[in-house]
Amino acid sequence: MAGRGFHDPRLERIFPPNAEVNAQGVLEVGGCPVPELAEQYGTPVYVIDEEGLRERMRAYRDGLAARWPNSQVAFASKSFPVLAAYAIAAAEGLAIDVAGAGELLLALESGAPAELIHLHGNAKSREELVLAVDAGVGAIVLDGEADVERLHALLTRPQDVLIRIIPGVNPRVPKAISTGGETSKFGLPIPQAKELIARLESHPFINVVGLHMHIGSQVLEVEPFQRAVEAVRELGEFPVYNIGGGLGVNYNVKHDAPSLDEYLDAITAAAKRVLPGGSRLIIEPGRSLVARTGMTAYRVNNVKRTGATFVAVDGGLADQLNVALMNMEFTPIVANRASTQPDTVAQLVGRQCESGDLLVDQAELAAPATGDTIVLAATGAYGYTLSNNYNGALKPAVVFCRDGESRLAVRRQTYAEFLGHHVGPSEEAWAS
Ligand SMILES: Cc1ncc(COP(=O)(O)O)c(C=O)c1O
């Protein structure tokens with residue numbers, strides 16, 4: 001039987017590519033009805049359109065290779081540090097970018113080849129560098145002098161590195177996710193980078209193969225990426241240029257992010273103007289790779305009508321910190337009534353004890369009632385990443401859906417695990 005479609009056809013470009021509304025008006029992802037997933041795995045739960053994720057990875061990989069054959073797309077794994085995602089990225093021919101020992105361990109555990117892993121970070125510890133060097137990672141992105149000193153002290157064989165530069169580009173994004181301007185904590189201004197590169201020329205083991213940069217995240221125009229690429233001109237020629245990630249995504253129908261083709265056209269046009277023809281061009285998308293393929297499903301705990309109508313779900317800041325950090329405007333839908341026109345404007349709130357725990361301001365919902373399954377679209381990036389135990393909330397499960405089958409990728413944290421971090425009265429006499 002034909003599906004009924006979303007109550008607003010514009011939602012199709014916000015929800016995962018393999019999401020649809022079935023003949024009963026129920027939202028399905030990868031052929032799995034979302035209310036059934038909520039029942040089976042509990043809520044809140046992050047639900048991933050696995051085929052959509054794979055398609056997006058291939059589109060990135062093939063789209064860049066068609067424009068710049070000597071290229072590599074690295075999954076910026078901070079956006080979705082889930083073992084299954086690392087394994088899928090590697091299987092789809094992507095490299096992996098990690099920003100710390102934990103992400104490096106996930107990448108290695110997933111079976112991704114070490115030579116396809118890049119480690120970056122502005123304050124790497126000696127232990128992280130030892131782990132990366134011992135694992136044989138493809139490149140370490142040096143952020144400054146401290147990295148050089150630590151690597152110098154531990155290397156006994158050559159290690160390829162990139163130098164992170166500050167291209168001096170400030171895209172129009174929230175301050176928390178702007179990383180390319182003069183005052184960024186990441187990388188070196190171009191004159192300092194130049195000096196460091198010259199100094200490392202004679203180093204026996206630190207092998208500078210190129211440059212790295214990343215101007216920020218949720219960038220909704222392509223021109224800043226072009227300016228950043230052009231900024232490398234004055235540093236000379238290198239075999240490798242990693243220009244970071246940052247492409248923005250549509251979180252609601254008002255957003256109009258550049259398409260992947262527009263973005264790839266723009267960066268490769270700039271690269272053709274300033275980079276050596278045979279050099280390797282690397283990009284590190286996170287948000288624009290995973291955001292749209294992920295959603296978060298909640299159950300409605302109660303509906304209250306006081307000064308406003310409050311629809312309260314069983315999650316909140318603990319699993320969707322982005323709403324408070326970056327005023328993210330997510331799109332909600334009642335998953336079990338996805339074809340029905342909204343008739344209610346409500347404050348969609350979480351259960352955490354903060355007024356700022358507002359998932360969607362003025363949410364338009366179809367007859368919301370206790371027990372409904374409500375989904376927030378496009379939460380695949382940085383949602384799971386930032387999940388936390390606020391008010392003792394347990395970190396949610398992550399489920400991958402494809403061809404009508406669901407697979408658990410991350411188990412929901414248990415109260416035993418939550419309590420287990422604490423040194424309790426059986427070990428330490430706190431009360432005395
Ligand atoms: C160095 C680096 N590369 C890539 C990314 C991924 O950025 P995005 O998720 O916006 O694509 C980030 C995220 O902040 C980053 O810091």
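Per residue of segment 69-74, in order, report the coupling 6.51 cos²θ - 1.76 cosθ + 1.60 (Karplus, θ = phi - 60°) as ³J(HN,Hα) in whole Hz, putting x for Gly and Pro.
Each residue of segment 69-74 in turn: x, 7, 9, 8, 10, 10 Hz.
Give me the angle, in degrees from 0 to 90, between the Cα long axis of helix 260-274 and the longest principal axis of the Cα atoms of the chain, rounded to the nearest 10.
10 degrees
Quick check: Cα centre of segment 87-161 to Cα centre of segment 331-346, how many Å?
If you average the Cα positions of each part, the centres end up 44 Å apart.
So how tilted is helix 50-67 from the main axis of the chain? Cα-based, degrees 0 to 90, rounded to 10.
30 degrees
GNM, the chain, Cα, under 10 Å: largest mean-square fluctuation among ALA139, ALA101, ALA338?
ALA101
List the relative contact order of segment 310-432 as a percent without decimals, with contacts defined as Cα pairs under 8 Å and 6+ residues apart.
26 percent
Just add up the charged neighbours of LEU386: K/R +1, D/E -1, any other residue whose Cβ is under 12 Å from the Cβ of LEU386.
+1
Name the long-range amide H neighbours of ALA409: under 5 Å, sequence gap of 5 or more, or other chain; modelled H, no Pro or chain starts.
The answer is VAL398, VAL399, PHE400.
Specify the residue with the greatest mean-square fluctuation among ARG61, ARG199, ARG412, computed from a Gaussian network of the chain linking alpha-carbon atoms under 10 Å apart.
ARG199
If you take the alpha carbon radius of gyration of segment 68-290 and divide it by 2.2 N^0.38 Å, what ratio comes out, to two decimals?
0.96
Long-range amide H contacts for ALA76: which residues qualify at under 5 Å (H placed 1.01 Å from N, peptide plane, sequence gap of 5 or more or a different chain)?
Result for ALA76 returns ASP97, GLY286.
Only the coordinates and a few stated rules stand behind these numbers; no lab work does. Just so you know, these numbers come straight off a predicted model, no measurement behind them. Counting neighbours? That spans all protein chains shown, and the Cβs are built from the backbone with ideal geometry, glycine included.
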